[in-house]
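Asks: The structure follows.
Read-outs: derived from the displayed coordinates by stated rules, not from any lab. Every value quoted in this text rests on a predicted model; they were computed, and no experiment measured them. Note that each Cβ is placed from the backbone with ideal geometry, even for glycine, and that neighbours are counted across all protein chains shown.
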Amino acid sequence: MQANGCEIFETIDTFFTLLQSPIVSEQMTVENVMQAFTCAHFIELTIEKIQAEEKAWIFEKYLRWKPERKLYPRNRDITCSDLERACDKLLERYLKDSRISTEVVDEYLKVYIQHFGRDRLNAFLNEVMSKSISTNMIIESLEELGVPISHMEDEALTMSWQMAIANGDQNDVAKCINSMLNDGHVSRLVHLIIESRDDIIKQLIIDAFTSKLINYDSEICLAFVNIEKKLFFKLLRDNTRFCIDFIDTIFYFGRNMHLVDGKWCSDFKFQYEHLHKMMESLLNGPRMIREHVHNRLSTVKTQPDSEIWCDIETDTLH
């Protein structure tokens, strides 16, 4: 430790400058991110070695007593545990500091993930989101970096939404849910509805689904066709209004199909084979859902242009 003492303590001084100086924050650029990360990473590796050699108390004593070092008073009682996650501390600083540009945050996240992977990122998110750090900043940085929100743990994601809602940012949570929905994460959102105990979050997701349905969005219906049946049936059973809206949408797609050369066609992506697969699932699903769909099918068969429903019944029930 003696041979490398100057380098170690100079690096620690540099780290605290990066962490605490407003001037340095204002001047931080994308080009400097790697240097900042390397500084923090060097400290982590050094502390890991010191702890492995059981020399932490000697190191901490020398760190506090070294007379020529000019530390802020708040840094004079630091311990190895304060430095063992130096890269996390720097990331937290960058997420919290409005002087740090999104581009810098993106670059730091990129380097962080390359070195540590997403497991450590998820653990970091679980911790910092409980401290009320801006949820939007984290989510936006991850999205701009190209890290899908689906890679964040459910617990961390739900916690971030709860914190945002508590801070009056419910609209931002709704935007995040819509972003996930537009990116095709329907199955994940269904999981969140079923697993979450937060009624507000559940309703926000249901509202996002319903908005798509009442606008006859075929993409979400296609996603529901392929979702795990057990999950989907629970979603329908637990949300009666949503169940009705979904069935209305399915029948809308059906009645707007037309026969061309003996084949049912649609102007939507939701085609006859999708209608058939969904109707087959619903008519063989839980009793409440099955009866509702069967009654609806019986009604539409009595109306004009009901040939498609006769074909659906034939293909599904026979």
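Asks: Please state the relative contact order of the stretch 161-318 as a whole percent: Cα pairs under 8 Å, 6+ residues apart?
Replies: Numbers: 131 pairs, mean separation 26.0, N = 158.
For the stretch 161-318, the relative contact order is 16 percent.
Asks: How much length, in nm to one decimal, is gained on full extension between Arg197 and Ile58, taken as 0.36 nm per residue of separation minus their Cα-Cα distance? Before the final figure, lay out each step's value.
Replies: On the way: separation 139, 0.36 × 139 = 50.04 nm, distance 4.80 nm.
Fully extending the segment from Arg197 to Ile58 adds 45.2 nm.
Asks: I would also like to ask the following. How many nm is it between the label spots at Thr102 and Asn126, if each spot is 7 Å from the Cα in line with the beta carbon?
Replies: Once both label points are built, they end up 2.9 nm from each other.
Asks: By a straight-distance test (C-alpha under 22 Å), which lysines pair with Lys263 as possible cross-link partners, with residues fewer than eight away in the same chain excluded?
Replies: Reachable lysines: Lys277, Lys301.
Asks: Mean separation of Cα pairs under 8 Å and 6+ residues apart, divided by the residue count of the stretch 233-317: what relative contact order is that in percent? Before the final figure, lay out the partial values.
Replies: Values: 61 pairs, mean separation 21.7, N = 85.
Value for the stretch 233-317: 26 percent.
Asks: Please list, or write none, the aspartates and glutamates whose alpha carbon is within less than 19 Å of the alpha carbon of Lys110, excluding same-chain residues fewer than 8 places away.
Replies: Candidates past the 8-residue exclusion: Glu31, Glu44, Asp88, Glu92, Asp97, Asp119, Glu140, Glu143, Glu144, Glu153.
Asks: Order of 90-98, 113-121 by packing, highest average Cβ count within 10 Å first? Kindly include the intermediate steps, with their values, before the conclusion.
Replies: Numbers: 90-98: 18.1, 113-121: 13.7.
Averaged packing, sorted descending, gives the order 90-98, 113-121.
Asks: Hey, what did the stretch 155-215 get for relative contact order, percent, Cα under 8 Å, at least 6 apart?
Replies: Details: 30 pairs, mean separation 19.8, N = 61.
It rounds to 32 percent for the stretch 155-215.
Asks: Still on this structure, I have one more. Per residue of the stretch 34-46, what does 6.51 cos²θ - 1.76 cosθ + 1.60 with θ = phi - 60° give for ³J(HN,Hα)? Whole Hz please, x for Gly and Pro, Karplus curve as stated.
Replies: For the stretch 34-46, the Karplus curve yields 4, 5, 5, 5, 4, 4, 5, 5, 4, 5, 4, 5, 5 Hz.
Asks: Between the stretch 268-318 and the stretch 208-234, how many Å separate their Cα centres?
Replies: 16
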